[in-house]
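Each remark here refers to the structure printed beneath this line.
Nothing in this text is a laboratory measurement; each read-out follows from the coordinates by a stated rule. In this text the structure is predicted, and so the values were computed from the model without any measurement. Cβ atoms come from the backbone with ideal geometry, glycine included; neighbour counts cover every protein chain shown.
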Amino acid sequence: MIRHANARPSITASRGARALMGALVNGANDAKWASDALCAQTDPNAFFPKKGGSHTEAKNVCERCPVRPDCLDWAIEHNESDGVWGGMGPTERAKEIQRRRTVTT
């Protein structure tokens, strides 16, 4: 991703990127999947675009990621409300949570 030299990520992107990196770093203790996550090898800010920004770059990484289902489960369990996790953005995750509730009832 090419960024302007003076470009600064949004506050949400910065917090989200820190959450992602924290999950990946701490995941070594909590979740074995995190060490195999492809997002650890890319720009974490791509997973937290500015409001109205595209999730395409992040979702392309997720499509190839071997731990996508584990990542999605982790995000749902930890109530991650921002960013792309397991190939899903916030709206998609909300629908997935609802779908899971419907399936288990």
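If the chain linking Thr91 and Leu38 were pulled fully straight, counting 0.36 nm for each residue of separation and taking away their Cα-Cα distance, it would gain 16.9 nm.
Rounded to the nearest 20, the Cβ-based charge dipole of the stretch 37-98 about its Cα centre (Lys and Arg +1, Asp and Glu -1) stands at 220 debye. Over the stretch 32-104, calculate the relative contact order: mean separation of alpha carbon pairs under 8 Å at least 6 apart, over the residue count, as a percent. For the stretch 32-104, the relative contact order is 29 percent.
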